[in-house]
1. Give me the orientation-averaged projected area of the Cα convex hull of the range 330-437, in nm², one decimal.
2. Modelled label-to-label distance, N376 and D347, 7 Å Cα→beta-carbon offset: nm?
3. Calculated FRET efficiency, V530 and L586, Cβ-Cβ r, R0 35 Å, to nearest 0.05?
4. Short version: ³J(HN,Hα) in whole Hz for each residue of the range 244-259, in order, from phi by Karplus 6.51 cos²θ - 1.76 cosθ + 1.60 (θ = phi - 60°), x for Gly and Pro, what are they?
5. The range 52-117: which chymotrypsin sites (Phe, Trp or Tyr not before Pro) are DSSP loop and have at most 10 other beta-carbon atoms within 10 angstrom?
6. Determine the relative contact order of the range 515-595: mean sequence separation of Cα pairs under 8 Å and six or more apart, normalised by residue count, in whole percent.
7. Between 0 and 90 degrees, rounded to the nearest ten: what's the tilt of helix 473-483 against the longest Cα principal axis of the chain?
8. The range 115-134 to the range 402-430: how many Å between their Cα centroids?
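Please treat every number below as a calculation from the coordinates, not as lab data. Treat the numbers as computed from the prediction; the structure is a model and nothing was measured. Note: ideal-geometry Cβ built from the backbone for every residue, glycine included; neighbour counts use all protein chains shown.
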Amino acid sequence: MGFQMKLVYRISRILDQIDQPFQKAGCALVSLLLLTGVSIGQDLAGEEILYPGGEFAKLDTFEGLNLEDADKLFGKKDYKGAYAAYKAYSFEFAKSGALPYVLLRMGRCLHKLEKRNAAIKAYQDVVDYFPDSIRYAAASLYYMGECHGLNGDEAKKTATWAKMVKDNEYVSQPNSGTSLAYLGKVMVERGKFEEATEYHWRTAVAFVKTNTRAASDARNSVIAHYVRRAPNHDKLKEFFIEASGFDGRGEKTETPEEDHRYWTVVLAAATATRADEGERQKVCAYWGAKMGDRFFENDALRKQWSDVLLLADKDSAAWKARMDKQFSQQPATMKRILAWCDYYKVDREMRSEFFAEKSKPLLGGMKTEDKMSLMNSLRHPLGMHDEAQSVMRSIRTEGLSDEDLARYGAFVGNYEPEETVLRYFARIKDKSMAAKARFDYYSQRSHRNPPNMEKALAEISVLLKDPKYAAGLVMRRAQFQQNLGRFEEAIKSYNAANEQPSSTWGVTDCLVALKQYGKAVQVVQQLESVGGNPASQAGLKIADIYRISGDKGKEVTQLRLVLKRYPKSGQSSEAHNRLESYGVALVGGEAEAEE
């Protein structure tokens, strides 16, 4: 963003000196780039134009060898040598099909050598003599504008790039995205939104295949303009067709009026407007009327339409009537019922009444697995806990598999006391699975709860005997033991788990808790000596140990070591801040730790 913002500043200074036709050229894609922080032209901008392999194969042997030699010099950044080679080629093979490319490369060499005025003349030769060689002429105009900008002549830069983007063929070339960006920002800052939108439109169409990021950002800009800033259904329909749809895929985009994809995007954009309340009402009223009372087969779209009308008329009763009408358009299914429960979440009483009425005919015939899925959905994300428990109690648990008993018991644990949950787990025939169910139950409820930590620990001893469940449990055992204050046991478990660097951190914390500070430092020093990402963490950890032990002198010494050894790390920044807070004078590299 830094470079781009500097350009915008320079443009604003010379804008009044630019002829009106060139001002109109400035409606490009990067207005959006700078407003959103997305860099649009960068995907291909700046990449060198290469001579196509198919065209290279058509050159005779001597032409090919000479061109290859020149390209090799250019690739090695020997621009003086490359310029001489390209120039010799232009004299020796004056009728070569590669001549436009060679002239462009001569300009590039001069450009790289910072001989920009000479480079501009070389680029101009390409445009003058080979205007129909689109690839090379467009690139020449781009680089010519770049040279003018580097020379400080923003007016000529703007004029050159305006010429480039006005050409329907040049505008589709890779670097035009950057040019459009530069010009577009000028127009947006001057409030020339219609002109800017014209360029966004062209960008969305021109880059739909070659620069999908540029096309996507440009589409968003056009949509925002014609949906919110200046609502225009006819223009937006035209754009939908020309831009290959709002996703750029071009799949059956010929009838936007009847296309749910068109309306989905339009209605979403209408409700997203940040305009004042009055303007938003007008926008929503416009688009609500344009879509009209149709698309009954599409629940989601009808919900969007109802929301748009609600923002326009502020009539919640009418919104409810529309939603009830839409629900009646298709058979009631549990999926649709849950969707409506989400729609009605603003009124819990209304939602509960709706669910009770609509679900009753379906619940009796539901299979157990479907009920279990339903009760989970009701609990989360809908938060309908009374309804979730009602479904839970309707499930007959006789004959449930071990897996289903474990799932059911885990769900029951959200609402019923421990003894009730354990009764379900006790019916699980697979003892290891039962132990895993109990472990999960206690583990999930172990935060600051020592009794549950103890119970979870007891299950681990059973689970470690079964390879199906043993993975990671030694580490969990160590953590429980540490949280329970059994530090010697925890150290043994951390060492047995050997999950680095986590095990080392665990051992260290246990040693610190035991006030064995010297051993703790030794353990961390071993990890630091290994190097890699944990090394800087280890360095700061040692300082932390000294701080806890009350040894301020060693802490300060260690913090200085962190600054010296890991100057680019986040730990260095923390060490720097701590030393400053202690009033320690920092000199040389110590004062340069990165924040």
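1. Mean projected area of the Cα convex hull: 7.2 nm².
2. Output for this residue pair reads 3.2 nm.
3. 0.80
4. Those phi angles translate into 6, x, 7, 10, x, 7, x, 9, 6, 9, 6, 10, x, 4, 9, 9 Hz.
5. Sites meeting the loop and neighbour criteria: none at all.
6. Once divided by the residue count of the range 515-595, the mean separation gives 23 percent.
7. 70 degrees
8. Measuring centre to centre over Cα atoms gives 79 Å.
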